[in-house]
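J.: Take a look at the following structure, please.
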Amino acid sequence: MIRVLLVDDDAIVRSGLRLMLGGARDIELVAEAADGAEVPALVAAHAPDLVLMDIRMPGVDGLAATETLRARPGAPEVLVLTTFHTDGHVLRALRAGAAGFLLKDTPPQEIVKAIRTVAAGDPVLSPAVTRRLIDQVAGGTGQDPRAAAARERLAPLAGREREVALAVGRGLSNAEIARELHLALPTVKTHVSRILTRLDLNNRVQIALLVHDTNAPDGPADL
């Protein structure tokens, strides 16, 4: 069973999600919250595998709640609920360690599929919104302090690790990276795990964001 904590200040939204998740045999809704301030206590009490997190709430919003939660060891995965026009908010949530996001108008079956995907350790990113996020991050100049910091942070990567990181930054899956770099799939997974450990990141989404923070059109080619 995938244990889910639902966080949304809209009672109608929570009711609809409750009914939808109730139809999935492998998903259990263990608790609900209307404010991000309730999240730490509910996580401690119910040990969810995943938090389905709204962004806009009147008290502690989903961004702050995600940052607080994912900073703790052994934190559950976070799947953020958002709308298409909140790119900057989504970017902040992904940097904090959220495994992805869903648009509020996502069909119910896709929400269930996304929960299963994130619970299995894979990110969920809408291709259309991913392109917008990448454009937003990579649209600055090389003088951006964030770009310099990203280049410095990626500097320890060399050889295959660097190539794999660049490929992740281009949005390639492990299977696609394996084919492009002529590596075995388990080898790619090992490289991704080592990159996460070396750079102290939560998931491959953060690798991609870090790569694109360099503001280089094709990744940090001159690292």
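The values are calculated or read from the model by the stated rules, or taken from the named source; none is laboratory data. Model, not experiment: these values are computed from the prediction. Because the Cβ atoms are built from the backbone with ideal geometry, glycine has one as well, and the counts that use them run over all protein chains shown. Surface accessibility is based on the protein's heavy atoms, side chains included, excluding ligands, DNA and RNA. Shrake-Rupley method; radii C 1.70, N 1.55, O 1.52, S 1.80 Å.
J.: Could you give the length gained on full extension between GLU180 and ARG56, defined as 0.36 nm per residue of separation minus the Cα-Cα distance, in nm?
T.: On the way: separation 124, 0.36 × 124 = 44.64 nm, distance 4.00 nm.
Extra length from GLU180 to ARG56 when fully extended: 40.6 nm.
J.: Relative contact order for the chain using alpha-carbon pairs under 8 Å, separation at least 6, rounded to a whole percent?
T.: 16 percent
J.: I've got another one for you. If I build a Gaussian network model for the chain, linking alpha-carbon pairs within less than 10 angstrom, which residue out of SER15, SER193, SER173 has the largest mean-square fluctuation?
T.: SER15
J.: State the answer as a single residue: which of ALA45, LEU210, THR190 lies farthest towards the positive end of the charge dipole of the chain, with beta carbon charges of +1 for Lys and Arg and -1 for Asp and Glu, about the Cα centre.
T.: Among ALA45, LEU210, THR190, the one farthest towards the positive end of the dipole of the chain is THR190.
J.: So what is the calculated 222 nm ellipticity per residue for the chain, using -39500 (n - 2.57) for each DSSP H run with n of 4 or more, over all residues, to the nearest 500 deg cm²/dmol?
T.: Details: 11 runs with 117 residues, N = 223.
Taking each H run of at least 4 residues, the total per residue is -15500 deg cm²/dmol.
J.: Same structure again: Not counting the cut sites, what is the longest span of the chain without trypsin sites (Lys or Arg not before Pro) that DSSP labels loop and that have at most 16 other Cβ atoms within 10 Å?
T.: Longest run free of exposed loop sites: 105-169.
J.: Follow-up question, since we're still on this one. Would you grab the residues whose amide H sits under 5 Å from the one on VAL51? Only those 5+ places off in sequence or on another chain, please, with H modelled 1.01 Å from N.
T.: Answer set, sorted by chain and number: LEU5, GLU77, VAL78, LEU79.
J.: Nearest 0.05, what FRET efficiency do THR197 and ARG116 give at R0 = 25 Å with Cβ-Cβ as r?
T.: Numbers: r = 25 Å, r/R0 = 1.02.
Working from the Cβ atoms, E equals 0.45.
J.: Roughly to the nearest percent, how much of the accessible area of the chain is carbon and sulfur, given a 1.4 Å probe?
T.: Solvent-exposed carbon and sulfur of the chain make up 54 percent of the total.
J.: Once you have a ≥ b ≥ c as the square roots of the Cα gyration tensor eigenvalues for the chain, tell me rounded if a/c is under 1.5, and otherwise prolate or oblate according to whether a/b is larger than b/c.
T.: On the way: a/c = 1.98, a/b = 1.64, b/c = 1.20.
Verdict is prolate for the chain.
J.: Hey, rough spin-label estimate for ARG72 and SER15, points 7 angstrom out along Cα→Cβ, what's it come to in nanometres?
T.: 3.1 nm
J.: Heavy-atom accessible area per residue, the range 168-208, 1.4 Å probe: how many Å²?
T.: 54 Å²
J.: Here's another thing I want to ask about it. Which of these, GLY159, GLY88, GLY23, has the largest mean-square fluctuation under a Gaussian network model of the chain (Cα springs below 10 Å)?
T.: Ranking GLY159, GLY88, GLY23 by mean-square fluctuation puts GLY159 first.
J.: Then there is this: Which residues among the range 50-74 fall inside the zone where the amide N is under 14 Å from a point 7 Å beyond the Cα of ALA41, along Cα→Cβ?
T.: 60
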